[in-house]
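What follows is calculated from the coordinates using simple rules that are stated; it is not laboratory data. Keep in mind that what you see is a predicted model, and the values were worked out from it rather than measured.
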Amino acid sequence: MSHPKISRIEFRPGFRERTQCSYWDYYVDDHRLADVFKIGDFIPPFGWLSPDVEDGFANMLLRKRESDLKPARIPLFVCPECADYGCGVFTCEVTRNGEHIEWRNFAMQNNYEEGLWQDEAERWTWLNFDATEYYRAFERFLSKADRRRK
């Protein structure tokens, strides 16, 4: 199977005006992922939650922990007030295919109804990362002593 181009992921500081919340945002190939998918008010679960909760989200993205959403979908953007899946959560499938980590089949969902809400672009978007660089980006981010204080 051929892969789409290799993308690069990094974390950059973000800020939510509505409730004055600082967080760490995903950028893929220098584009803010929330803008690409028109996420709206949802934010990544990094930089504003407790360390153990943030580490749980990171471990799902790193494929070190099973997802707590069905069917095995990984949360990317959560409610900026409480991070509760019941408010809605933007998710994707995260798989390893050889030397690549793939994010695909993006959608909104919650944890009390079955089904995914997605448009055609979300359904067919596929982000492909070099596995070594992907893990390295998360290691750099997670090892930052000040990642929660910015």
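Numbers at a glance
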read-out	value
Extension gain, residue 110 back to residue 135 (0.36 nm per residue minus Cα-Cα distance, nm)	6.3 nm
Fluctuation leader among 99, 81, 17 - the chain, Gaussian network, Cα springs under 10 angstrom	17
Long-range HN-HN contacts of residue 88 with modeled amide H, under 5 Å	111
Gaussian network model of the chain, springs between alpha carbon atoms under 10 Å - residue of 45, 13, 71 with greatest fluctuation	71
Residue 79 long-range amide H proximity, modeled H, under 5 Å	84
Euclidean distance of C-alpha centroids, the stretch 13-40 and the stretch 47-78, integer Å	17
Karplus-derived HN-Hα couplings along the stretch 14-21 (A = 6.51, B = -1.76, C = 1.60, θ = phi - 60°), whole Hz, x at Gly and Pro	x, 8, 9, 5, 3, 10, 6, 10
Interchain or long-range residues, amide H under 5 Å from residue 25's placed H	12, 14
